[in-house]
Amino acid sequence: MSRIRWFQIVGFGLLVLGVGCGIAVRRDLSAIPPGQVGFDDMCGLQDYFDALEIKTVPAPRLVSALDLEGSKDGKPIRGGQERYAFENEFLLTHLRRVLNDNWRRLPEPVATATSVEIEVRWSEKAGTKRVVTDQPAELIIGKESWPLPYHPCLSELLYGAPLYAQRREMWNLPLPATGSRSDAGLPSPSTGPLFGDGGTAADAHAGH
């Protein structure tokens, strides 16, 4: 076997190994309508959004954002790209749980990092942002990044606040006690609108 052929085989093997060792979806919810995933709280985020609603903790910090507008078949469409930072114990605890529940082969730094960023492409439907389904998100820790395959729980985590507010009202679920908020001088909660279904990056970039 020639040396060139040997290097080609080894290189291909390393490529396959690298792909096989990437982050992969652990819990497949692709057959379930996105609205049902949130309404049935399959991602276990009601407590998370309740805490954000009463301003016990700050929401993930928006690091960067790019909005795009276009049209498809004569209809206006909106999309873009956003990066969020999870930087306190509460946010990191819920992010790690969502990641571990729904993905496998996560990078080791996820368990100990003091700041984790998630970058996604989004498209808008029914007036609400949803993570696109046809492109991976990006998991970022320090100067390293990893592709994060699409999963509906990522949409719920980043953009599910309006649905969870509606879900709480429909089921008459009580908010957590808010007595500690007055001591901290934190503002009163607010409620958002309903959310719609997901989209694709093709929708977001049409017309550009």
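The values are calculated or read from the model by the stated rules, or taken from the named source; none is laboratory data. Just so it is clear, the model here is predicted, and its values are computed rather than measured. With ideal geometry, Cβ positions are generated from the backbone for all residues, glycine too; neighbour counts draw on all protein chains shown.
Annotations
- Taken over the stretch 33-61, the residue count meeting the criterion of being in a loop (DSSP other than H, G, I, E, B), closer than 23 Å to E117 by Cβ and not basic (K, R) is 8.
- Of all the residues in the stretch 83-98, those that are crowded, with 20+ Cβ neighbours inside 10 Å and in contact with an Asp or Glu (Cβ under 8 Å, 6 or more places away or on another chain) number 2.
- Scope the stretch 40-50; condition within 14 Å of L158 (Cα to Cα) and hydrophobic (A, V, I, L, M, F, W, C); matching residues: C43, L45, F49
- Meets criteria (in contact with a Gly (Cβ under 7 Å, 6 or more places away or on another chain) and either in a strand (DSSP E or B) or loosely packed, with under 15 Cβ neighbours inside 10 Å (or both)) for R78: no
- Test: residue in the stretch 149-167 that is of a type in the set (D, E) and either within 13 Å of the chain's Cα centre (by Cα) or modelled with pLDDT of 95 or more (or both): yes
- Selection from the stretch 60-98 of residues that are without any contact (Cβ under 8 Å) to a residue 24 or more places away in the chain and either under 14 Å from the mean Cα position of the chain (by Cα) or within 23 Å of C21 (Cβ to Cβ) (or both): L62, R96
- Residue match in the stretch 8-28 (condition: loosely packed, with under 11 Cβ neighbours inside 10 Å, touching a His at 6+ places or on another chain (Cβ under 9 Å), at pLDDT 85 or above and closer than 30 Å to W171 by Cα): yes
- Selection of the stretch 95-118 for residues being part of a helix (DSSP H, G or I) and charged (D, E, K, R) yields R96, R97, D101, E108.
- So E69, is it part of a strand (DSSP E or B), modelled with pLDDT of 95 or more, surrounded by fewer than 17 Cβ atoms within 10 Å (Cβ to Cβ) and touching a strand residue (DSSP E or B) at 6+ places or on another chain (Cβ under 6 Å): no
- Scope the stretch 18-32; condition β-branched (V, I, T), part of a loop (DSSP other than H, G, I, E, B) and either more than 17 Å from Y150 (Cα to Cα) or over 15 Å from the mean Cα position of the chain (by Cα) (or both); matching residues: I32
- Single match in D101, D50 (criterion: crowded, with 17+ Cβ neighbours inside 10 Å and out of contact with any strand residue (DSSP E or B) (no Cβ under 8 Å at 6 or more places or on another chain)): D50
- Residue among E156, E144 that is surrounded by 21 or more Cβ atoms within 10 Å (Cβ to Cβ), acidic (D, E), farther than 17 Å from R61 by Cβ and in contact (Cβ under 8 Å) with a residue 12 or more places away in the chain: E156
- Residue check for L163: buried (at least 19 other Cβ atoms within 10 Å of the Cβ), in contact with a strand residue (DSSP E or B) (Cβ under 9 Å, 6 or more places away or on another chain), hydrophobic (A, V, I, L, M, F, W, C) and on the phi < 0 side of the Ramachandran plot: yes
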